[in-house]
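Just so you know, all these numbers are worked out from the coordinates, no wet-lab data involved. Model, not experiment: these values are computed from the prediction. Because the Cβ atoms are built from the backbone with ideal geometry, glycine has one as well, and the counts that use them run over all protein chains shown.
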Amino acid sequence: MSLRSFLKQMKKQKQVLNIKDELSTRFEIPFVMKKFDSQGLILVFERVKGYKTKIVANVCGTRERLCAALNISKDELYRKLLEAWRSPEKPEIVGDGKVKAVKEKDLSRIPILTHFENDAGPYITSAVVYARSDDGKVENVSVHRLQVLDEKHLAIRLVPRHLFKLWQTAKEEGKDLDVSISIGVHPAVLLAASSPVPFGVNEFEIANTLMDGELCLIKCENVDAYAPADAELVLEGRISTTEEVVEGPFVDITGT
């Protein structure tokens, strides 16, 4: 199960709007996203100015769509979530995946959006970040915003939750924190990564339960981290424990 398979499913249900006009990542695509926000449709921008890559937006736009992603009715959503939180299942680790087909080392090759004039720059807004403790006993998957600093560096906003705890531990050990950053994943992975579960619960295991055991992970090649094998894009990196930068401003739900 992947984002692509889900989009095919939604296209059959006429939940996908393909936009064929050439639009810029700077303000234009975000403007169209905002205009269509209330309609709940998945938007596929087929012609992104300066890039060969398409952009998909509003994948998790409605509760009905989340239920469709999990193959359940609206009445079953809470039961399904509780089941996944109570009985997380380990995903299969595979040796290869579609995400390894192309290797790029330059953030400028990715069509990352700039939403508003006063934003600090382009932002990845639905990044699924995975990290683990040095002994591998504690794993965390969570959603974060990432500001593009240059072709090789991102700034992550860490609030005092689970990923911050892992970062603090790494800092105490005198190490940077290895992470994978997955972009373009199945809605169940986003839902699991946003779940309010206790520290130490691996949200990939919750996603696997939500997906009825169909989530597969790959081991990253350059860092001690895992990522969905069918993600559209996986970035491998480290969160520095010795260098910090000013992040933001960025207009999100908190206005920070």
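Taking amide hydrogens as placed 1.01 Å from N in the peptide plane, the amide H of R26 sits under 5 Å from those of T114, each at least 5 positions away in sequence or on another chain. Inter-label distance, R161 to T125: 1.7 nm, where each label sits 7 Å from its Cα along the C-beta direction. Spacing of the modelled spin labels on S87 and K103, each 7 Å from Cα toward Cβ, amounts to 4.1 nm. Residues whose amide H comes within less than 5 Å of that of H186, counting only those at least five positions distant or on another chain, are L3 (H built at 1.01 Å from N in the peptide plane). Spin-label pair D75-Q168: with each label point 7 Å from Cα along the Cα-Cβ axis, the two points sit 4.5 nm from one another. Partner lysines whose Cα lies under 24 Å from the Cα of K103, excluding those fewer than 8 positions away in the same chain, are identified as K49, K52, K54, K152, K219. Which of A69, V246, H153 sits closest to the plus end of the dipole of the chain, meaning its Cα is farthest towards the positive end, when Lys and Arg get +1 and Asp and Glu get -1 on the C-beta? Sorting the options by dipole projection puts first A69. Here the 3J(HN,Hα) profile of region 187-194, calculated from phi with Karplus coefficients 6.51, -1.76 and 1.60 at θ = phi - 60°, is x, 4, 5, 4, 5, 5, 5, 9 Hz, Gly and Pro shown as x.
Computed over the chain with a Gaussian network model linking Cα atoms closer than 10 Å, the most mobile of G174, G97, G40 is G174.
Annotation for region 55-128: chymotrypsin sites (Phe, Trp or Tyr not before Pro) lying in DSSP loop with at most 15 further Cβ atoms inside 10 Å of their Cβ are F116. Label point 7 Å out from D212 along Cα-to-Cβ: which residues of region 46-82 have amide N under 12 Å? Zone members listed by number: 69-73.
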